[in-house]
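Engineer: First, the structure itself, so that you have it in front of you.
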Amino acid sequence: MDLFLVRLVFVLVVAVACFFLQPFNLSAQIDAGVGLLIGTAVIIFEWRLRLASLTRLIGAAVGSVLGILGAYLFTLVLRNSLPVSHTLSFLQILIMLLMAYVGLVVGANKGDLLNLAALGGLFGGEKQGKKSHKILDTSVIIDGRISDIAETGFLDGVIVIPQFVLRELQMVADSADSMKRNRGRRGLDILQKLQKVASLNIQIVENDFPAVREVDLKLIELAKVYEGKIVTNDFNLNKVAQLQGVEVLNINELANALKPIVLPGEIMHVFILKEGKEFNQGVAYLDDGTMVVVDNARKAIGKTIDVSVTSVLQTTAGKMIFGKWDERTMPKEPGTRPESRPPQSATDLRKPQPVALEHPAE
């Protein structure tokens with residue numbers, strides 16, 4: 001409440017000062033309105049600064065100073081090249097604003113990489129965002145579902161895209177194989193889509209580990225440096241990272257967790273697509289890709305049947321549903337003839353056959 005009063009007093013002081021001083025050579029009321037807008041803008045800027053971390057503030061300050069220094073060097077060149085005029089003054093102001101803005105934005109973006117806790121002393125109390133970095137793997141970028149997850153707001157922290165992952169994507173996109181080339185281009189399109197999500201903080205880092213050749217191992221080393229998590233759908237990378245103590249966010253595990261729960265005894269309406277591995281089995285697939293293995297369904301290939309669920313097997317690679325089909329529940333097709341009795345053998349013909357009496361004994 002006290003802070004709100006201080007802000008209100010500040011805005012009123014700016015408005016009153018503009019009303020009496022009229023710095024914009026307008027009417028007193030219009031100058032007061034302009035002063036009110038300026039005071040409100042300052043309060044909004046201060047409110048946004050309070051939400052920023054100390055590392056971002058330091059990065060923004062350093063970037064702004066470097067940008068202004070670069071702008072000053074540019075203006076020296078322009079001053080010696082162009083005659084004094086309004087155009088020269090405009091170019092000097094424009095370059096100063098441009099360089100200061102670029103330095104501010106880039107410095108704030110790179111400020112999260114600073115580790116102030118290592119300096120100790122005054123900066124030792126700055127809380128670092130532990131494990132707030134999400135490092136994207138090549139496979140999860142090509143998969144494409146990461147963009148849908150990001151748009152829903154379930155991804156927070158800093159999304160880290162290593163430079164060696166970008167090189168691998170570019171190599172796949174330049175492959176002679178059309179399948180690989182399409183997958184690589186899809187991955188690059190997904191990255192462009194992620195950059196357009198306003199709620200994401202995406203950083204492309206230059207960290208590389210020349211002693212490590214495999215990309216998966218480089219991702220693990222990078223995750224150790226940033227104390228972050230690897231986002232992937234690679235089963236082998238998932239296991240190797242967990243063995244080395246690196247946390248992994250597996251997109252496939254998330255997709256499996258979101259699949260509807262099926263209990264034994266439930267009836268499912270499925271289309272038998274192909275033959276199973278075991279004898280007399282049929283295989284069907286749900287809309288989300290879940291495999292359904294049905295016993296006694298080999299005869300129903302190419303048909304839609306009702307299956308009774310017997311068990312559900314959940315693995316890290318996915319979910320499998322096992323069911324059983326009762327052939328007697330299948331409606332008979334119109335025009336089918338009733339089954340004829342098999343012909344009797346010669347031995348059966350020699351046996352005495354019962355004769356129906358016209359007048360049963362009383």
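The values are calculated or read from the model by the stated rules, or taken from the named source; none is laboratory data. Model, not experiment: these values are computed from the prediction. With ideal geometry, Cβ positions are generated from the backbone for all residues, glycine too; neighbour counts draw on all protein chains shown.
Engineer: Among what's in the stretch 88-112 and is under 21 Å from residue 201 (Cα atoms) and of a type outside the set (A, V, I, L, M, F, W, C), pick the residue that is surrounded by the most Cβ atoms within 10 Å (Cβ to Cβ).
Structural biologist: Of everything passing the filter in the stretch 88-112, 103 is surrounded by the most Cβ atoms within 10 Å (Cβ to Cβ).
Engineer: Would you point out the residue of the stretch 244-285, among those that are polar (S, T, N, Q), surrounded by 15 or more Cβ atoms within 10 Å (Cβ to Cβ) and in contact with a Lys or Arg (Cβ under 7 Å, 6 or more places away or on another chain), that is nearest to residue 327 (Cα to Cα)?
Structural biologist: 281
Engineer: Let me ask something else. Which members of the stretch 50-67 meet the condition of being closer than 14 Å to residue 109 by Cα and in a helix (DSSP H, G or I)?
Structural biologist: Across the stretch 50-67, the qualifying residues are 54, 55, 56, 57, 58, 59, 60, 61, 62, 63, 64.
Engineer: Can you confirm whether the stretch 325-337 contains a residue that is surrounded by 13 or more Cβ atoms within 10 Å (Cβ to Cβ) and either in a helix (DSSP H, G or I) or at pLDDT 85 or above (or both)?
Structural biologist: yes
Engineer: When you look at residue 164, is it assigned to a loop (DSSP other than H, G, I, E, B), within 22 Å of the chain's Cα centre (by Cα) and either in the same structural domain as residue 203 (by TED's automatic domain parsing) or modelled with pLDDT of 80 or more (or both), yes or no?
Structural biologist: Spelling it out, it is not the case that residue 164 is assigned to a loop (DSSP other than H, G, I, E, B), within 22 Å of the chain's Cα centre (by Cα) and either in the same structural domain as residue 203 (by TED's automatic domain parsing) or modelled with pLDDT of 80 or more (or both).
Engineer: Please go through the stretch 292-307 and pick out each residue that is without any contact (Cβ under 8 Å) to a residue 40 or more places away in the chain, closer than 11 Å to residue 323 by Cα and in a strand (DSSP E or B).
Structural biologist: Matches in the stretch 292-307: 292, 293, 294, 295, 306.
Engineer: Go through the stretch 227-269 and report how many residues are free of Cβ contacts under 8 Å to residues at least 60 places away in the same chain and either out of contact with any helix residue (DSSP H, G or I) (no Cβ under 7 Å at 6 or more places or on another chain) or under 30 Å from residue 301 (Cα atoms) (or both).
Structural biologist: Selection size over the stretch 227-269: 17.
Engineer: Here's another thing I want to ask about it. What tally of residues in the stretch 1-20 results from selecting those that are touching a helix residue (DSSP H, G or I) at 6+ places or on another chain (Cβ under 8 Å) and not charged (D, E, K, R)?
Structural biologist: Summing the residues that are touching a helix residue (DSSP H, G or I) at 6+ places or on another chain (Cβ under 8 Å) and not charged (D, E, K, R) in the stretch 1-20 gives 11.
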